[in-house]
1. Could you pull out the residue among 200, 212, 149 that is under 19 Å from the mean Cα position of the chain (by Cα), under 25 Å from residue 72 (Cβ atoms) and without any contact (Cβ under 8 Å) to a residue 60 or more places away in the chain?
2. Against the condition touching a residue at least 40 places away in the same chain (Cβ under 8 Å), outside the structural domain of residue 140 (by TED's automatic domain parsing) and either out of contact with any strand residue (DSSP E or B) (no Cβ under 6 Å at 6 or more places or on another chain) or in a helix (DSSP H, G or I) (or both), how does residue 256 come out, does it pass?
3. Looking only at segment 251-266, which residues are within 13 Å of residue 13 (Cα to Cα) and buried (at least 17 other Cβ atoms within 10 Å of the Cβ)?
4. Inspect all residues belonging to segment 51-70 and state whether any of them is modelled with pLDDT of 90 or more and outside the structural domain of residue 17 (by TED's automatic domain parsing).
5. Scanning segment 119-144 for residues that are surrounded by 18 or more Cβ atoms within 10 Å (Cβ to Cβ) and under 24 Å from residue 202 (Cα atoms), which turns out modelled with the highest pLDDT?
6. For segment 216-245, what are the residues that are buried (at least 17 other Cβ atoms within 10 Å of the Cβ) and more than 20 Å from residue 36 (Cα to Cα)?
């Protein structure tokens, strides 16, 4: 592949395994950037949940599934639920029952006491911890520590500004909740953890990861045909279908949704990014 390319990498399940970027992927990112290409994170996570050492290893980030875009120190996009829609969304969630949910924003991830208890008891055990005593040399990210460190507990959620919602243990389907809120909001499956059947995400219907990709490309002056997307979840499908070269993770929801991709990559536990970058001729 000739010319400078821009890489857009999903985080959980693609670049990272349970919040930890393996050394093989860290080395691959360094090599591809040394070859003159640009690498950007393109994740459903808000900026508040993106590990700082991961961000520093990249040229920029797309967070909140396209709602937040940052290249270097320049914030190009920071879209959030309009105030009236945010209040309607919170009211609808609270009316559905007492279950954990968080409101994700670039500066913090906010929830009530129910959410705090769930995150501490469940996510802390289902994510790897990359603290000094456990962290493998050459990896990036802190696992569960990154999730817990960004959380803020608020008793009143009505005035919180946010870009996306994540809910767990929903007593009704997340799709039904989205319908109750209105057409401005769409639901997406939650692909992390063990309770996917009762979990889900809410985001603005008008925003997709591919929108963030196009915003970045316009800023850096690279055409869409030289954009390469990597992802594993359903929220990656719009990006993968829109870029010049799509690379889903083999066996993932994204790989089943993309018809006949020319390339697939193994997951982060197998260091799949390093292999596929060589096959693509980018390193």
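1. Just a single option satisfies the conditions, and that option is 149.
2. Spelling it out, it is not the case that residue 256 is touching a residue at least 40 places away in the same chain (Cβ under 8 Å), outside the structural domain of residue 140 (by TED's automatic domain parsing) and either out of contact with any strand residue (DSSP E or B) (no Cβ under 6 Å at 6 or more places or on another chain) or in a helix (DSSP H, G or I) (or both).
3. Across segment 251-266, the qualifying residues are 252, 253, 254, 255, 265.
4. No, segment 51-70 contains no residue that is modelled with pLDDT of 90 or more and outside the structural domain of residue 17 (by TED's automatic domain parsing).
5. 119
6. Quick first cut of segment 216-245, residues buried (at least 17 other Cβ atoms within 10 Å of the Cβ) only: 216-217, 222, 226-240, 242-243, 245.
231, 232, 233, 234, 235, 236, 237, 238, 239, 240, 242, listed by residue number.
The values are calculated or read from the model by the stated rules, or taken from the named source; none is laboratory data. Bear in mind the structure is a predicted one, so any value in this text is a computation, not a measurement. Note: ideal-geometry Cβ built from the backbone for every residue, glycine included; neighbour counts use all protein chains shown.
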